[in-house]
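The values are calculated or read from the model by the stated rules, or taken from the named source; none is laboratory data. Everything numeric in this text was worked out from a predicted model, so none of it was measured. Quick reminder, even Gly has a Cβ in these numbers, built from the backbone with ideal geometry, and neighbours come from all protein chains shown. Keep in mind that these areas ignore ligands, DNA and RNA; they rest on the heavy atoms of the full protein, side chains included. Shrake-Rupley method; radii C 1.70, N 1.55, O 1.52, S 1.80 Å.
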Amino acid sequence: MTTDYKLIAKLGNLKTVIQLLRAVNFKESATCYGSKNGLKLTVEEAKCMQASAYIPIQLFEEYTLTEDIIFRINLNVFVECLSMFWSNINTTGSTTSLEMHYKVNTQIIQGEIFINKIFYQGVGHPVTILIEEDGVVVDCSLKTQEPDEILDFDLDPETVINKVLLHSELLKDVLAELDPTSNHLELLLSPKSPYFMISTKGLAGECHVQMPHNTEMIETFQCKKEAKSKYLLPHIKPAMKAMLCSNKVSLRTNESGLLCFQYMIKTDDGVNCFIEYYISPLINDDDD
Amino acid sequence: MKCVVSGINIKILARAIQMLSKIGEEMFVQPQEDCLSFRTVNSSNSAFVDITFQENYFSYYAYEDLEESDSLKCKILIRSALAVFKGNLDKQVESCHIQLDPNSEQLTFVLKYRNSIIKTHLLPILDCETIKANYKKDGTANHLRIQPRVMNDVVQNFQQSLLEITLEVLQEKVLIRNYIDESSNVSNETRTQCNFSVGEFDEYNIESDTIITFCLKELRAILSLADILSQPIDIHFERPGRPVVFVCKSGSMESNLVLATLNPDTESASQSTTSTRQNPAPKKVTKRAPRGKGIKSLGKKSYTNSAHSRAMESADMESPGRISDVSDLPTQNNRRKSVTDVSKADPFTPRSSRESTSVLRLEAAEHPASSERTNLASSLMKRKSIDQDGDESSRDMDNDDLVQNSPPRPKSKKAKLIFQKCFQKTFDPNNLPGHSNVEVEDSSESSEND
């Protein structure tokens with residue numbers, strides 16, 4: 001009977017999962033895609049920005065998937081449910097076992113959770129989250145929706161013209177201190193001086209931040225030709241959230257100015273998780 | 001003009017600009033041949049700051065074009081200058097270049113960081129003008145020098161929202177108190193006064209006793225700057241209505257803060273109040289412990305305070321113990337005041353006075369509920385007590401604004417005093433009706449009772 005569930009997943013590293021989800025939680029609804037490699041949650045804003053958090057199967061203690069699934073879910077509620085016993089998780093470690101099912105029937109016998117009978121009867125069933133802590137069980141049922149079409153920001157390696165791989169440390173402070181009164185951010189990548197520059201223009205004047213291109217904080221700096229594009233600062237802001245918990249970040253741009261931030265987050269167990277942001281550039285940027 | 005600031009001096013520059021930002025909106029940058037000045041004035045033109053960095057503050061300073069010196073001055077928004085130094089990258093900054101070209105539209109700040117990041121800030125220039133203030137700081141009648149830490153401790157006693165404070169200098173001591181505009185209709189004002197002796201000052205030259213009132217916000221700004229530089233503050237002033245000048249010098253940097261003081265002649269509305277305040281209650285050593293106790297007993301504060309002050313009067317005839325006046329006399333606009341007298345004998349005056357202030361704030365917050373109840377009783381009591389205490393107080397002072405003793409404690413109806421009567425000399429149990437009745441017989445004869 002257990003074969004009726006499409007997904008049984010038991011989370012091992014809750015802290016990282018929540019970190020990943022919060023980093024993309026700038027909009028309410030997310031599209032969740034489950035495959036044999038893990039879960040991917042994608043959030044889109046106005047068809048010009050997309051963020052995806054990848055939760056690899058290494059972060060799960062148990063992960064059973066019968067076929068690929070896709071559904072839309074309220075990410076705010078999802079994160080809230082997962083972090084319900086967050087304070088206990090921080091202090092007492094792994095006393096909480098957290099189980100997540102996609103359409104599950106559960107029976108609780110003598111304080112233990114028995115998962116049996118996984119039925120997948122098509123789209124439209126809720127996601128059930130069971131949280132057990134010292135015999136206390138919270139059963140959350142989250143409604144799912146049919147997924148919207150997700151934009152495919154394909155950044156083919158061949159079309160990438162500039163690529164920078166750097167330690168997030170370097171960008172953290174720079175992005176945190178961007179002039180908040182500025183509307184947009186201009187990114188300049190060039191094979192010659194000034195190489196790598198971020199500019200803002202706000203009420204307090206112009207600010208150009210010239211980044212190094214050859215220090216040890218920069219792992220790779222590949223620029224084929226000078227590229228300069230503007231992005232809306234409100235689009236960059238959510239991307240900064242992931243910067244805070246990441247170790248390394250890669251920036252890639254293509255001919256048309258599409259910018260991709262890819263963050264690598266190393267967990268305590270040495271598992272690499274990724275968050276991706278695609279930000280499309282401002283095209284008519286004549287006005288400030 | 002081009003200059004380079006490096007190392008620890010960048011932090012000083014950042015602090016100086018932060019200090020300016022607390023006073024004005026716009027900053028005037030005025031390069032001179034051998035120094036660079038940053039100035040600002042507040043919106044009401046009552047405060048002016050000039051911070052001047054001498055040539056040797058900079059690791060490089062070039063004034064360059066002497067002929068076009070007129071074009072080398074500018075006005076920028078302080079907010080934009082603040083943005084240059086925001087963040088905690090202070091310790092990572094290696095050098096800061098400031099460049100002002102003649103007739104340029106921008107003032108350029110270039111910050112070079114240790115991790116080879118270079119930040120270039122182009123601050124828009126609003127205007128090509130400068131500002132000057134006419135003031136005299138040398139040879140003024142009164143001159144005090146004090147360590148900022150001591151002054152900070154004193155200033156912290158006042159509420160953050162307080163606008164003005166009054167500084168009174170006498171030959172042997174200095175009093176600082178909050179200024180309450182009597183024409184305003186604010187009830188529940190707390191009065192705080194700190195008292196410090198000549199010993200607290202590094203220098204103390206007073207020609208005549210003077211009372212000046214000025215804004216506190218600006219004083220706080222220069223105090224925090226002086227605190228960081230750990231340099232003493234010089235205070236120069238003459239008389240009310242003339243500016244007071246605060247000077248903080250640190251090696252190659254000098255900051256002057258000029259503050260307008262309240263002019264008693266022009267401020268006719270508050271003249272009377274100012275003049276009454278010019279004769280404060282004599283400062284005496286008061287005991288703090290009983291005061292705290294009195295304050296805790298809320299609903300009957302006025303009475304208990306009075307009881308305590310009486311106790312103190314009897315204990316020490318030197319201290320009339322004017323602590324607080326919680327009366328709600330109609331003539332005083334229902335305003336309640338309390339004056340804290342802080343011992344001048346105590347060398348740690350500022351610290352102890354802080355304690356007393358916090359207690360007083362508590363009292364102020366809790367007062368409104370209690371004042372309603374005591375209102376009627378205390379105003380009646382007050383009229384009587386003024387007559388009694390008035391004679392007493394008039395020995396020390398000749399004005400009526402001062403804090404009076406609280407009315408005497410009336411015969412309390414509270415339960416704990418029910419048996420008080422038994423201890424009065426006039427009490428004779430035989431006078432009580434029914435005193436001879438035996439309610440309970442001795443236990444041996446348990447059967448018969450009345």
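Quick notes on this one:
- If only residues of the stretch B:101-132 that are open to solvent by less than 40 Å² (accessible area, probe 1.4 Å) and assigned to a loop (DSSP other than H, G, I, E, B) are counted, the one that is farthest from the other protein chains (Cβ to nearest Cβ) is B:131.
- Qualifying residue in the stretch B:195-205 (condition: surrounded by fewer than 18 Cβ atoms within 10 Å (Cβ to Cβ), on the phi < 0 side of the Ramachandran plot, in a loop (DSSP other than H, G, I, E, B) and away from chain A (no Cβ under 14 Å)): no
- In the stretch B:18-33 there is at least one residue that is part of a loop (DSSP other than H, G, I, E, B), farther than 21 Å from residue B:244 by Cβ and modelled with pLDDT under 90.
- Of residues in the stretch B:58-73 being open to solvent by 40 Å² or more (accessible area, probe 1.4 Å) and not polar (S, T, N, Q), the one modelled with the highest pLDDT: B:60
- Of all the criteria given as (1) out of contact with any Pro (no Cβ under 8 Å at 6 or more places or on another chain); (2) part of a helix (DSSP H, G or I); (3) open to solvent by 40 Å² or more (accessible area, probe 1.4 Å), the one not satisfied by residue B:189 is (2).
- Residue in the stretch A:160-172 that is among the basic types (Lys, Arg), modelled with pLDDT of 85 or more and closer than 27 Å to residue A:45 by Cβ present: yes
- Of the residues making up the stretch A:226-249, those that are more than 10 Å from residue A:168 (Cβ to Cβ) and open to solvent by less than 30 Å² (accessible area, probe 1.4 Å) are A:227, A:229, A:230, A:231, A:233, A:235, A:236, A:238, A:239.
- In summary, strands (runs of 3 or more DSSP E) completely within the stretch A:4-65 and bearing 2 or more residues that are of a type in the set (S, T, N, Q) occur at A:29-35, A:49-56.
- Residues of the stretch A:129-167 that are within 18 Å of residue A:279 (Cβ to Cβ), more than 13 Å from chain B (Cβ to nearest Cβ) and not charged (D, E, K, R): A:150, A:151, A:153, A:155, A:159, A:160, A:161, A:162, A:164, A:165.
- Residue list for the stretch A:196-213, restricted to those being open to solvent by less than 40 Å² (accessible area, probe 1.4 Å) and of a type in the set (A, V, I, L, M, F, W, C): A:196, A:197, A:198, A:204, A:207, A:209, A:211
- Residue match in the stretch A:157-172 (condition: touching a residue at least 60 places away in the same chain (Cβ under 8 Å), open to solvent by 40 Å² or more (accessible area, probe 1.4 Å), in contact with a helix residue (DSSP H, G or I) (Cβ under 7 Å, 6 or more places away or on another chain) and more than 25 Å from residue A:283 (Cβ to Cβ)): yes
- In the stretch A:214-226, the residues that are facing another protein chain (nearest Cβ under 9 Å) and of a type outside the set (Ser, Thr, Tyr): A:214, A:217
- Residues located in the stretch A:178-195, provided they are within 20 Å of residue A:218 (Cα to Cα) and either within 11 Å of chain B (Cβ to nearest Cβ) or open to solvent by 50 Å² or more (accessible area, probe 1.4 Å) (or both): A:191, A:192, A:193, A:194, A:195
- Unique residue being under 16 Å from residue B:3 (Cβ atoms) and not aliphatic (A, V, I, L, M) when the list is B:101, B:138, B:153, B:127: B:101
- Taking each residue of the stretch B:186-215 that is within 13 Å of residue B:142 (Cβ to Cβ) and in contact (Cβ under 8 Å) with a residue 12 or more places away in the chain and looking for partners that are in a strand (DSSP E or B) and of a type in the set (S, T, N, Q) with beta-carbon atoms closer than 8 Å, six or more apart or interchain, yields B:205/B:142; B:206/B:142; B:207/B:142; B:208/B:142; B:210/B:142; B:211/B:166; B:212/B:166.
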